[in-house]
Structures are given as structure tokens and as C-alpha cells.
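The values are calculated or read from the model by the stated rules, or taken from the named source; none is laboratory data. Values in this document were obtained by computation on a predicted structure and should not be read as measured data. All Cβ positions, glycine included, derive from the backbone under ideal geometry; neighbour counts span all protein chains shown. With ligands, DNA and RNA removed, areas are computed over all heavy atoms of the protein, side chains included. Shrake-Rupley method; radii C 1.70, N 1.55, O 1.52, S 1.80 Å.
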Amino acid sequence: MVRKDAKEVRIGDVMIGGKHPIAIQSMANTKTEDVEATVRQILRLEAAGCEIVRCAVPTMEAAHACSEIKKKIHIPLVADIHFDYRLAIAAMENGADKIRINPGNIGSTERVKAVVDQAKAREIPIRVGVNSGSLEKDILEKYHGVTAEGLVESALGQVQMIEDMGYDNLVVSIKASDVLMCVRAHELISQKCHHPLHVGITEAGTLYSGNIKSSVGLGIILHEGIGDTIRVSLTGEPLEEVRTAKLILRTLGLRKGGIEVVSCPTCGRTQIDLIDLANRVEQMVEGIDLDLKVAVMGCVVNGPGEAREADIGIAGGIGEGLLIKKGKIIRKVKEEKLLDVLREELLNWEKESYE
């Protein structure tokens, strides 16, 4: 995997493009006008590992709320704007670190220029967004529907329009719900665009189908070295978007840190409630700051062998289990104590690493 270098862009205190790590984004699903609820959700997203957060700005009240939200969060705030160029200007005046617009639905060139002029004066980056539902009529007619080539042509046309206005502090986003079309579009635009790319599979679906589609699509795109910031779009709790994004990046070797839990699929030899135990282990390790692999295995037949590549693990027996470190059996533990013993070992490991 070779990362394709893009122009560096600063979003608040976060840098993307160049050699900078791929940044994880999510979007609050609260009413932005409700400052308290929005801040509460963003703080949870921060704790989960979100590095850039976006909020919908459909009203002037929401634009003004950006100012209060900014005072209480610690990551860059992106204002998501559609249709009304005045909302983009107001959001920037109220502290938005970046704005997301689709120039095609903002209106006239003069209105787009008013937004660009404000962004230029404040050195605020603009994310130019195009998706399969927003293509211009002439492009749909040219390509006989939505295609990867059409998405790229639309995005590059809008980028060119803003560049012609004298501004190139841009991030580009092209998304489709068709996974392979989305992959192809990113392959094409990465060859023609020097701006950083925000990547994702739009309208991916529920937690189940959305995670699968996003993992497949983003896995291919990122493995080809494309992408500077990502969002996993799910119909559900935004925290799940961040968790999935982190795991995708770790799986591809693009992000380190955090405990990786591996567990066996269970079989007829399993004598403990492995499914419940594995889920509890996964929840338990979320707050532990270690770069480790933890194995949760269902039986003592293959458990030690399968856990050998993990840093630490547990393998179940009949009402009991083994604690395993670096492939070596340390001791037997009663089933009801397995989780507590594993937690204690990890917390000691964390304490030793700090010391």
C-alpha cells in the first residue's frame, strides 16, 4: 500500500493530506439548535476516537449555535450546508472550522462566490461534496445515468469553479451507495485531483449492512492508497461509525493503538458462554490505552495454539478457563472470574507501560 500524497489542509487543529494520518470523522444526529444535546453527543464521539465532527446547519439558529458548541468541544467542527448560502457565511462567522457545501445546490455563481470569499477571508477550508443523488442534469444525460465518470466530472467541475474564484483550500468528496461505483470513482479522481479526499460509502445502510458495505468499499479504496479522512455512514448511533472506522484503519495497518479482540466462532466443544464473554471483553477493553491483541477462545483444545499470536488471552474449559500470555498458559481460572482476571492483567499492563 502506497499512500497517494495530497495537498495539506488544516481543519482547526487537525491536518489532513500529505503524510498526515487518515482522520476519522462522524456526524452528530442531534438537532444542532439544541446545543446541550449536540455537545453531549460530540463529547462521546471524541472519547470514542472521533477527530473531526460535522453538524447539520439547516437554519440560522443552527448556524449561530456553532459558536456555543465550539466553546465546549475539543475537535474541529464542520458545518454541513445545503441550499442557503447565507447559512454557510453565518456558520463561518460563528466559528465553523470547515464548511461542507454542494455548489450545485447553493444557487447562482454569485452566491457560491460569496461563500468562497468568506472562507478565503477566514482561511476556512471548503469541502466540495458530490454524491449520486446530486448530479447535474446534463451529466446524467451525458452518461445515461449515474456513473463513476459522471461523479468525477461533476466534482472536478465544481472544484474548478472555486479555484477560478481564487481559492484552493479544498477537500473533495465523491460518494455513492453503489460500492463498486464508489471505488471506481475514487480511483479515477485520485489520478486527476491534488486536493485531499474525504472518502466513504454514502447511504450505506443499517448497522449490519452499512458496516459490511463500508468495510468492503473503504477497505479497497484505502488499500489503494486513496483517502485522507473517512466517515462510515450508518443509519444508527454515530458512535458505531467511529468504532467501525477505527477498526477498518487498524485492520489495514493504517492506524495503531487500541486493543484488538480476536475470538473463535464457537463449536460443539465450547463449554462456556463464549459469545457473551467475547462481547463483554470487547466492551471492557474500549477504555484501556494499550496496543495489544487479546484472544478469547472457546475451548482448551485449540485455545492455547490459536491464542499464541495474541499478547494475552483466555480459553474456556468446563466451567473454567486458561489465562494465556504470549502463547504460554499462566493459570486456570473459574469461568465466572475470567473477565475480572483478564481486566486486572490488562490494567496492570497499562500501569507498567506508563511507568
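Conditions (1) at pLDDT below 90; (2) within 30 Å of residue 116 (Cα to Cα), marked per residue:
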position	(1), (2)
152	no, yes
162	no, yes
176	yes, yes
180	no, no
194	no, yes
198	no, yes
203	yes, yes
219	no, no
231	no, yes
* Among (1) buried (at least 22 other Cβ atoms within 10 Å of the Cβ); (2) among the hydroxyl-bearing types (Ser, Thr, Tyr); (3) farther than 16 Å from residue 24 by Cα, where does residue 235 come up short? -> (1)
* To do: Answer with yes or no whether residue 125 is buried (at least 21 other Cβ atoms within 10 Å of the Cβ) and touching a helix residue (DSSP H, G or I) at 6+ places or on another chain (Cβ under 8 Å).
  => yes
* Asked: When the stretch 128-141 is examined, which residues are found to be open to solvent by less than 80 Å² (accessible area, probe 1.4 Å) and at pLDDT 85 or above?
  -> 128, 139, 140
* To do: Return the total of residues in the stretch 332-355 being open to solvent by 100 Å² or more (accessible area, probe 1.4 Å) and either in contact with a Leu (Cβ under 7 Å, 6 or more places away or on another chain) or not in a helix (DSSP H, G or I) (or both).
  => 3
* Asked: Just for the stretch 320-331: of the residues that are touching a strand residue (DSSP E or B) at 6+ places or on another chain (Cβ under 7 Å) and either of a type outside the set (A, V, I, L, M, F, W, C) or surrounded by fewer than 16 Cβ atoms within 10 Å (Cβ to Cβ) (or both), which one is modelled with the lowest pLDDT?
  -> 320
* Would you point out the residue of the stretch 40-55, among those that are open to solvent by less than 40 Å² (accessible area, probe 1.4 Å) and small (Gly, Ala, Ser), that is nearest to residue 10 (Cα to Cα)? => 49
* Asked: Out of the stretch 192-228, which residues are touching a Lys or Arg at 6+ places or on another chain (Cβ under 9 Å), open to solvent by 50 Å² or more (accessible area, probe 1.4 Å) and of a type outside the set (D, E, K, R)?
  -> 194
* Structure fact -> Of the residues in the stretch 88-116, those that are part of a helix (DSSP H, G or I) and either open to solvent by less than 10 Å² (accessible area, probe 1.4 Å) or free of Cβ contacts under 8 Å to residues at least 12 places away in the same chain (or both) come to 88, 90, 91, 92, 103, 106, 110, 112, 115, 116
* To do: Only residues that are open to solvent by 30 Å² or more (accessible area, probe 1.4 Å) and within 23 Å of the chain's Cα centre (by Cα): list them for the stretch 258-283, please.
  => 260, 261, 262, 279, 282, 283
